[in-house]
Structure formats: structure tokens, C-alpha cells
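Undergrad: Here it is, the structure in full.
The values are calculated or read from the model by the stated rules, or taken from the named source; none is laboratory data. All values derive from a computational prediction rather than experimental measurement. Backbone-built Cβ (ideal geometry, glycine too); neighbour counts: all protein chains shown. Accessible surface is based on the protein model in full, side chains and every heavy atom, while ligands, DNA and RNA are left aside. Shrake-Rupley method; radii C 1.70, N 1.55, O 1.52, S 1.80 Å.
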Amino acid sequence: MARMNINFKNRVAVIGAGLTLFRRRMYETSRELAWEAAKQALDSAGLTLNDIDAVVFGSAPDAFDGIHMQGEHMTDAAGGYMKPYTRVYVGGGTGVFTAIAGWWHVASGLFDRVLVVAEEKMSPVRPHPQFVFHHIFDPVMDKPLGVNLIWIFALEMARYMYKYNIKKEDIALVSVKNKRNALDHPAAQVAAEITVDDVLNSETLVWPVQRLDISPVSDGAAAIVLCNEEYAKQYTDTPVWIEGVGWSLDTTYWTNRDLAFPKYLYYAGKMAYKMAGIDNPRKEIDVAEVYDPFDYKELHHMEGLQLARKGEAPILTREGVTQRDGDLPINPSGGLLGVGNPIAAAGLMKVAEIFWQLRKEAGKRQVAKDPVTGLAQAWGDLMQIGTVVIMRV
Amino acid sequence: MSVWDVFNGKTRFLEDNMNVDKFVYTLGHGYEKFFNGLKEGKIIASKCSECGVTYLPPRIYCEECLSEITEFVEIKQNGVVLGYTIQNVDKDGRHLKEKVIWALIGFNGVRGGIFHKLVGVEPEEIYVGMPVKPVFREERKGSINDIQYFTKTV
Ligand SMILES: [Zn+2]
């Protein structure tokens, strides 16, 4: 099977999904969290571990939960005991990338049925996960400045606001929307009914980034079950097909990037759209979960994905287009800003949300329109990778 | 935090550290049962009701079938040496005055075991299959060191 730009053997379906609570601190160990999500995903697909041929696991920096080589630590919990097992890692992009890696396990024809698990436990590290982020930077160029992760976001946000003349009030609308959407999510950590003023009056951390512009640090896990077409027809009447995948990395020299436009995502999106046969993303994508660790990033990412023209995402947001009952619902789950941000698990949560939305199993979170095609996206490494999955029923 | 080293008038390297203070590891639901058992002088395992496997240390899920495990059982403390090694140097490379014997202890009908120190046994007399038992400390606080060591069963 060839789809213009990529060769593969099998069409791949998502047939089950599972998710733990997202919380600031969970008592469950990393393994116990991963198991809970994995088991839920299997149960929801009506499969047992015997039916699984291979396991793909994803988590972000080991230094959060303080276990080096966390991949091997998690094997039994993720269902990987005595099975072909792979851990993938691309920082914040990991959650969606884990789904992509699961996809190629099946699409290649190497395996028929694959369990995909992503987990993050950020709470063990003291004094704060921020101290881990400090060490992802260049050790001699950036670290001696005492660089903090939020600096990158602050620079991007300021540049984005300057280039397209965007008001902070319009960006704050994203935080208001996502935290409200999360009120309907049973796993949500920071769901709330807040106002634009609440965001604008929250503490300024690194200008223009304020407290309520940011998602929290979290513990949690997510999982999905993938299989090929033959098995999908056997297991379910409502498979959700992965129709496109894409990923791309910008330069690791963060000083050398276009801060106003996420090029990494433009290329990742282009790859996925071409594969899925999508010419006009704005018209053809019915619902999207874009990566929103910060409110401005939802807008940034909508533009990178061509779901809005450059500088247009804040206008669509203001007009209500991105609400659940809008023409292009964005982050109906509540996203990272509302549900929480256990890094790798948050990305796979987005894939799971699109699965539930396309199956119309999202309950109170179900978007008003009848969605056929959905997109999930994450962003990571040194804020330079875009990872995209397009799904269709 | 950092020191610039000047070498022949040239800057050559930079020292730094991954300055994370510490990690706080939760025991979770499985290990909690194990460590609280040690506190009471017991060895606790967990048993899968689906496939019957008994796990040590206890887990709340089964690696064979991924079922939830809710049954926690106290096991008999008499075990056997499955394998052992004799430590001559410490981690800094210094020779030890007294050699330390480390052994993997297995228990009948249990998947897994306990890795611990073996005391009161001469290196020459130890063998695979040797029956051993744990010696608990008087004061216990819920740690793997609540077991002071294993020794031969007399
Ligand atoms: Zn079992």
C-alpha cells in the first residue's frame, strides 16, 4: 500500500483506549499507573494480553520519576513481559509519537496487534520538575545562563503576539475554553470555570507568560490498542483508522528558529495530510486535539497545522469556532490546560480523545458536529518536534 | 556551581551537575504491602486468581495475563540459595577486610525472590540449593533492611 509519500503494508485501526486519572501527585507507582491504563485499553477492546503480539511504551525524561532506563522498568506493567517491546522517546512529543511507533509496528506487517502505552510520573523529583528541564539545554552555551524552560515559551509567545498583533486577552480565551471543557472529563486535574480576567490577573512568571497560561505538572498514564484490518473486522464494528502520520524536527539550536510560526509542525502536518489524502485541512479536519501546554501554543499549533491562516487562530477562537459546538472544535477533552500534563500520557490522551470523539463515545465532551476525520498532535524534544496522527471512521 | 578551567591560556571545559535535590519514591499499592509486612516480620507476596502465579515482591497486576491482583499472601520464610556471589572490593575499589556474601533467595511456589546478604556462612560451605532463612532486626521501619541478613537454616 502506498499513499503518495510513504510505503506500508497494512491499514491500522485503533480498537481500544484507556486512561488513568491525571493528578499532581499519584500514590500509584509509574508501573501501577501504566498497568491501569494498559488493562483498561485491553478491556475496552475486548482483548486479553494473549492477543497482543508486541508492546510499544513511551515516557519523557527519566529524571522525573528518578528511574534511569525507565523503559525496561515498565515492561511487565505495560504488558511487555516476554514480548517484543520497544520504548520510544521524543520529549513532549512522545505521547503521539508512541502511537506513531505503534502504527509502524502494524503497518509494516511485522505485528498484527500492538498495545501502546504512555506514562509519566513527574512528582518524585524534588524540588520541582523544572530542575530537570534545566538540563535539556546545551550545557556550555545555555545552561550557564541559568536558563529555564519557560523562557523559550515566553520568547515564542512574545514574538507571536508582536508579529500578528495578538492581544493577551485573545490568547487567554484558550485557557478559559480548555479548563471549562475539562469540567466534563472524569480524569481532569485542573478543570475550572475561569474568566479572561482571572488569566490576566494571575501571577506573571516570565513575561508574557502568566500562571494561568500554563498547564500543570502531573502523574498519569494512557494506552491504546492497535491492529491490522483483518483483526479489526473480527474484533469490532467501529474501528477508527489511522490514516496519516507525520513527524518532523526543527533545528536543536533554539536561537535559530522562526518563533512566530511552528515550522516543525507545518512539515509534520504536511506529511500526515499527504498520506491521508487531505488537501484542505481547515475544511477536512472535523475535530482536533492540538498540543496545548500553554494557551498560545494551541493557536500556534492550529496555524502550523494549517487549521488557521497565520495570525488567524485567535480570531477563530474569539468567534467560538473552536468550541465544542463550533465548526472546528479544538481540544474538546480540555487539553493539557484542563485535563493535565503528564507529558507522554498527555499526548496519548489526545489520541484517545480523538478515538472516542470519532466513535461518538466522548459522552458530555462529544462535539456537536458529526466528526469523520480527527487529528491529534504533540510537540517536544527541545521544543522542536511535531508529531501528528490523523484518524478517520 | 560552575568552574571555568583555564588551560594554557585557553578555555577548555565547564563543570556542572544535574542539580536535582532528591527523589521521593512512592511505594505504590504492591510494595506497600511488602514493606509493611517486613515491619511485622512477615514476607508478603501477591497471587493472581486468574493464573495462580504468586509474585514476590508483590504486584497489583499479573505480568502473565495483566489481571488485577487483590490477593496478598504471607509466604513461608524458609528459602533456598538460587545463586550467590562473594564481594571482595567495595564500589570505590577498596579491598574489604571481611568478604560479603550476596545471595538470591528463592521460595517454594513463588515467582521471584529476595536478593540479600548471607551471614554466618563460610564461603567454602555455601552451595546452590542451601536452605536459608531471614534474620529480622529488632527495630523495623518498613525497609528491605528490616531483614538484617539471611543465614543457614539449622
Ligand atoms: Zn495472571
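Undergrad: Out of all the residues in the range B:10-30, which are hydroxyl-bearing (Ser, Thr, Tyr) and facing chain A (nearest Cβ under 7 Å)?
TA: We begin by selecting, within the range B:10-30, every residue hydroxyl-bearing (Ser, Thr, Tyr); these are B:11, B:25-26.
Result: B:TYR25, B:THR26.
Undergrad: Could you list, in sequence order, all residues of the range A:8-50 that are more than 21 Å from A:LEU110 (Cβ to Cβ), touching a Gly at 6+ places or on another chain (Cβ under 7 Å), open to solvent by less than 20 Å² (accessible area, probe 1.4 Å) and more than 8 Å from chain B (Cβ to nearest Cβ)?
TA: Selection gives A:THR20, A:PHE22, A:LEU33, A:ALA37.
Undergrad: Please find, within the range B:85-101, the residue that is nearest to the ligand (Cβ to nearest atom) out of those that are among the aliphatic types (A, V, I, L, M) and within 20 Å of the chain's Cα centre (by Cα).
TA: So the first thing to find is which residues in the range B:85-101 are among the aliphatic types (A, V, I, L, M), and the list is B:86, B:89, B:96, B:100-101.
Then drop every residue that is not within 20 Å of the chain's Cα centre (by Cα), which leaves B:86, B:89, B:100-101.
Values: B:ILE86: 37, B:VAL89: 42, B:VAL100: 36, B:ILE101: 34 Å.
Among those that are among the aliphatic types (A, V, I, L, M) and within 20 Å of the chain's Cα centre (by Cα), it is B:ILE101.
Undergrad: Would you check which residues across the range B:48-84 are away from the ligand (no atom under 15 Å from the Cβ) and touching a Leu at 6+ places or on another chain (Cβ under 9 Å) and list them?
TA: If the condition is that a residue be away from the ligand (no atom under 15 Å from the Cβ) and touching a Leu at 6+ places or on another chain (Cβ under 9 Å), then B:ILE75, B:VAL81, B:LEU82, B:GLY83, B:TYR84 are the ones that fit.
Undergrad: Now for a different question. Tell me, yes or no, whether the range B:6-15 has at least one residue that is within 16 Å of the ligand (Cβ to nearest atom), in contact with a Ser or Thr (Cβ under 9 Å, 6 or more places away or on another chain) and in contact (Cβ under 8 Å) with a residue 12 or more places away in the chain.
TA: Of the residues in the range B:6-15, the ones within 16 Å of the ligand (Cβ to nearest atom) are none.
No - not one qualifying residue is present in the range B:6-15.
Undergrad: Starting from the range A:162-181, keep only residues that are surrounded by fewer than 16 Cβ atoms within 10 Å (Cβ to Cβ), then list their pairs with residues that are not in a helix (DSSP H, G or I) whose Cβ atoms are within a distance under 7 Å, requiring at least 6 positions of separation or different chains.
TA: Once the first residue is surrounded by fewer than 16 Cβ atoms within 10 Å (Cβ to Cβ) and sits in the range A:162-181, its partners that are not in a helix (DSSP H, G or I) give A:LYS163/A:ALA260.
Undergrad: Those residues that are surrounded by 12 or more Cβ atoms within 10 Å (Cβ to Cβ) and farther than 23 Å from B:ASP146 by Cβ, I need them from the range B:110-127; list them, please.
TA: Of everything in the range B:110-127, just one residue is surrounded by 12 or more Cβ atoms within 10 Å (Cβ to Cβ) and farther than 23 Å from B:ASP146 by Cβ, namely B:ILE126.
Undergrad: For a quick check of your reading of the model, give me the residue pairs whose first member lies in the range B:63-74 and is closer than 24 Å to A:GLY80 by Cβ and among the hydroxyl-bearing types (Ser, Thr, Tyr), whose second is in a strand (DSSP E or B) and open to solvent by less than 40 Å² (accessible area, probe 1.4 Å), with beta-carbon atoms closer than 6 Å and at least 6 apart or on different chains.
TA: Pairs found: none.
Undergrad: Considering only the range A:215-231, state which residues are open to solvent by less than 10 Å² (accessible area, probe 1.4 Å) and over 16 Å from A:TRP104 (Cα atoms).
TA: Across the range A:215-231, the qualifying residues are A:SER218, A:ASP219, A:GLY220, A:ALA221, A:ALA222, A:ALA223.
Every residue, every condition in (1) within 14 Å of chain B (Cβ to nearest Cβ); (2) free of Cβ contacts under 8 Å to residues at least 60 places away in the same chain, yes or no:
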position: A:PHE111; (1), (2): no, yes
position: A:ALA118; (1), (2): no, no
position: A:LYS121; (1), (2): yes, no
position: A:PRO124; (1), (2): yes, no
position: A:PRO127; (1), (2): yes, yes
position: A:VAL132; (1), (2): yes, no
position: A:PHE137; (1), (2): yes, no
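Undergrad: Here is a follow-up. Test each condition in (1) within 11 Å of chain A (Cβ to nearest Cβ); (2) within 16 Å of the ligand (Cβ to nearest atom) for B:ALA45 and report the one that comes out false.
TA: (1)
Undergrad: Among the residues of the range A:1-60, which ones are under 30 Å from A:VAL217 (Cβ atoms) and small (Gly, Ala, Ser)? I'd like the intermediate steps shown before the answer.
TA: First, the residues of the range A:1-60 that are under 30 Å from A:VAL217 (Cβ atoms): A:14, A:16-44, A:55-60.
Scanning the range A:1-60 gives A:GLY16, A:ALA17, A:GLY18, A:SER30, A:ALA34, A:ALA37, A:ALA38, A:ALA41, A:SER44, A:GLY58, A:SER59, A:ALA60.
Undergrad: State all residues of the range A:322-332 that are buried (at least 24 other Cβ atoms within 10 Å of the Cβ), more than 11 Å from the chain's Cα centre (by Cα) and within 30 Å of A:MET26 (Cα to Cα); if no residue qualifies, say none. Write out each step before concluding.
TA: Filtering the range A:322-332 for residues buried (at least 24 other Cβ atoms within 10 Å of the Cβ) gives A:322, A:329-332.
This time we only want the ones that are more than 11 Å from the chain's Cα centre (by Cα), so: A:322, A:329-330, A:332.
Passing the criteria: A:ILE330, A:PRO332.
Undergrad: May I ask you to list the residues in the range B:88-109 that are assigned to a strand (DSSP E or B) and surrounded by 13 or more Cβ atoms within 10 Å (Cβ to Cβ)? Show your work before the answer.
TA: As a first pass, look at the range B:88-109 and keep what is assigned to a strand (DSSP E or B): B:88-89, B:95-106.
Scanning the range B:88-109 gives B:VAL100, B:ILE101, B:TRP102, B:ALA103, B:LEU104, B:ILE105, B:GLY106.
Undergrad: Give me the residue from the range B:55-67 that is in contact with a helix residue (DSSP H, G or I) (Cβ under 7 Å, 6 or more places away or on another chain) and open to solvent by 40 Å² or more (accessible area, probe 1.4 Å) and, out of that set, nearest to the other protein chains (Cβ to nearest Cβ).
TA: To start, the set of residues in the range B:55-67 that are in contact with a helix residue (DSSP H, G or I) (Cβ under 7 Å, 6 or more places away or on another chain) comprises B:57-61, B:65-66.
Those still in the list that are open to solvent by 40 Å² or more (accessible area, probe 1.4 Å) too: B:57, B:59.
Details: B:PRO57: 12, B:ARG59: 7 Å.
Here the answer is B:ARG59.
Undergrad: May I pose another question? Quick check: anything in the range B:105-116 under 20 Å from B:LYS39 (Cβ atoms) and free of Cβ contacts under 8 Å to residues at least 40 places away in the same chain?
TA: Yes - at least one qualifying residue is present in the range B:105-116.
Undergrad: Still on this structure: Name the single residue that is nearest to A:GLN130 (Cα to Cα) among those in the range A:76-95 being within 13 Å of chain B (Cβ to nearest Cβ) and open to solvent by 40 Å² or more (accessible area, probe 1.4 Å). Talk me through it step by step, then tell me what you get.
TA: Looking only at the range A:76-95, we keep the residues that are within 13 Å of chain B (Cβ to nearest Cβ), and these are A:76-83, A:85.
Imposing the further condition that a residue be open to solvent by 40 Å² or more (accessible area, probe 1.4 Å) reduces the set to A:81-83, A:85.
Working: A:TYR81: 33, A:MET82: 36, A:LYS83: 35, A:TYR85: 30 Å.
Checked the range A:76-95; the qualifying residue nearest to A:GLN130 (Cα to Cα) is A:TYR85.
Undergrad: Quick one: which residue in A:GLU312, A:GLU284, A:GLU319, A:GLU289 is among the charged types (D, E, K, R) and open to solvent by less than 10 Å² (accessible area, probe 1.4 Å)? First the steps, then the outcome.
TA: Values: A:GLU312 fails: open to solvent by less than 10 Å² (accessible area, probe 1.4 Å); A:GLU284 fails: open to solvent by less than 10 Å² (accessible area, probe 1.4 Å); A:GLU319 fails: open to solvent by less than 10 Å² (accessible area, probe 1.4 Å).
Exactly one of A:GLU312, A:GLU284, A:GLU319, A:GLU289 is among the charged types (D, E, K, R) and open to solvent by less than 10 Å² (accessible area, probe 1.4 Å), namely A:GLU289.
Undergrad: Moving on to the next point. Scan the range A:205-218 residue by residue and report those that are among the polar types (S, T, N, Q) and either assigned to a loop (DSSP other than H, G, I, E, B) or out of contact with any helix residue (DSSP H, G or I) (no Cβ under 8 Å at 6 or more places or on another chain) (or both). Walk me through it before giving the result.
TA: The initial filter retains those residues of the range A:205-218 that are among the polar types (S, T, N, Q), namely A:210, A:215, A:218.
Of everything in the range A:205-218, those that are among the polar types (S, T, N, Q) and either assigned to a loop (DSSP other than H, G, I, E, B) or out of contact with any helix residue (DSSP H, G or I) (no Cβ under 8 Å at 6 or more places or on another chain) (or both) turn out to be A:SER215, A:SER218.
Undergrad: Between a first residue in the range A:276-296 that is touching a residue at least 40 places away in the same chain (Cβ under 8 Å) and closer than 12 Å to A:ASN331 by Cα and a second residue that is in a helix (DSSP H, G or I) and of a type in the set (Asp, Glu), which pairs have beta carbons less than 7 Å apart while being 6 or more apart in sequence or on different chains?
TA: So the pair list comes out as A:GLU289/A:GLU353; A:VAL290/A:GLU298; A:ASP292/A:GLU298; A:ASP295/A:ASP213.
Undergrad: Select from the range A:96-110 the residues that are over 18 Å from the mean Cα position of the chain (by Cα) and of a type in the set (Gly, Ala, Ser) and write down the one among them that is most open to solvent (accessible area, probe 1.4 Å).
TA: A:SER108
Undergrad: Now, a different point. Tell me, please, whether a residue that is in contact with a Leu (Cβ under 6 Å, 6 or more places away or on another chain), open to solvent by less than 30 Å² (accessible area, probe 1.4 Å), away from chain B (no Cβ under 11 Å) and closer than 26 Å to A:ASP258 by Cβ can be found in the range A:151-159.
TA: Within the range A:151-159, one or more residues are in contact with a Leu (Cβ under 6 Å, 6 or more places away or on another chain), open to solvent by less than 30 Å² (accessible area, probe 1.4 Å), away from chain B (no Cβ under 11 Å) and closer than 26 Å to A:ASP258 by Cβ.
Undergrad: Any idea how many residues of the range A:42-67 are out of contact with any helix residue (DSSP H, G or I) (no Cβ under 8 Å at 6 or more places or on another chain) and either modelled with pLDDT under 95 or in a loop (DSSP other than H, G, I, E, B) (or both)?
TA: Of the residues in the range A:42-67, 2 are out of contact with any helix residue (DSSP H, G or I) (no Cβ under 8 Å at 6 or more places or on another chain) and either modelled with pLDDT under 95 or in a loop (DSSP other than H, G, I, E, B) (or both).
Undergrad: Right, something else. I'm checking my understanding of the structure. Among residues of the range A:51-75 that are charged (D, E, K, R) and free of Cβ contacts under 8 Å to residues at least 24 places away in the same chain, which one is farthest from the other protein chains (Cβ to nearest Cβ)? Spell out the reasoning first.
TA: Of the range A:51-75, the ones charged (D, E, K, R) are A:51, A:53, A:62, A:65, A:72.
In the following step, the residues that additionally are free of Cβ contacts under 8 Å to residues at least 24 places away in the same chain were identified as A:62, A:72.
Values: A:ASP62: 11, A:GLU72: 13 Å.
Result: A:GLU72.
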